[in-house]
Amino acid sequence: MDVELREVTAADVLVFFEHQRDPEAVRMAAFTSADPDDRAAFLVRWARILADESTVTRTVVFDGQVVGHIGRFTQFGEPEVTYWIDREHWGKGLATAALRLFLDDDPVRPLFARTAVDNVGSLRVLAKCGFVAVGEDVGYAEGRGEDVEEFILRLDER
């Protein structure tokens, strides 16, 4: 599979904005921004992400096309992985391939992940990469406008 990770560029961020405007993808991700169509807020958020030296973020490229992003940030005092793949490319194994590449390059362990309990695709990706469920939580999900149950997963080693 021709998946690669590279440094994020300004042009990539504009593609990410278009990806996150997909209503079905927003619903599945659940924990998104309040207004996926607010370009200014999106750009400010990404400027903050890219300026944060404790955050690692990469662009996911498939067959020369930007198809998403993946990264590690700190949430609740713990390192956490996040990723987004354009819905057009769901079901192709790209999230799993990207996460494996990311984990090979980023040695931080333990590494946590969170996903809505009904996000079966993301749960499958995380399990394939060695993450195990270690807890549950409920949080307000802007992408759904309601409280959503989520699994907390952890990767100790690969």
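Readers should treat all values here as calculations from the given coordinates under stated rules, not as data from a laboratory. Note that the structure is a prediction, hence the values are computed from the model and not measured. Virtual Cβ from ideal backbone geometry, glycine too; neighbours counted across all protein chains shown.
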statement: Scoring only Lys, Arg, Asp and Glu (+1, +1, -1, -1) among other residues with Cβ under 10 Å from the Cβ of Val132 yields 0
- request: Report relative contact order for the chain in percent, whole number only (criteria: Cα-Cα under 8 Å, sequence separation at least 6).
  value: 24
query: Which of the chymotrypsin sites (Phe, Trp or Tyr not before Pro) found in segment 18-97 are in a DSSP loop and have at most 11 neighbouring Cβ atoms, other than their own, within 10 Å?
result: Phe76
statement: Kirkwood Rh for segment 72-130 from C-alpha pairs, in Å, is 12.1
query: On average over all directions, what projected area in square nanometres does the chain have, based on the convex hull of its Cα atoms?
result: 8.5
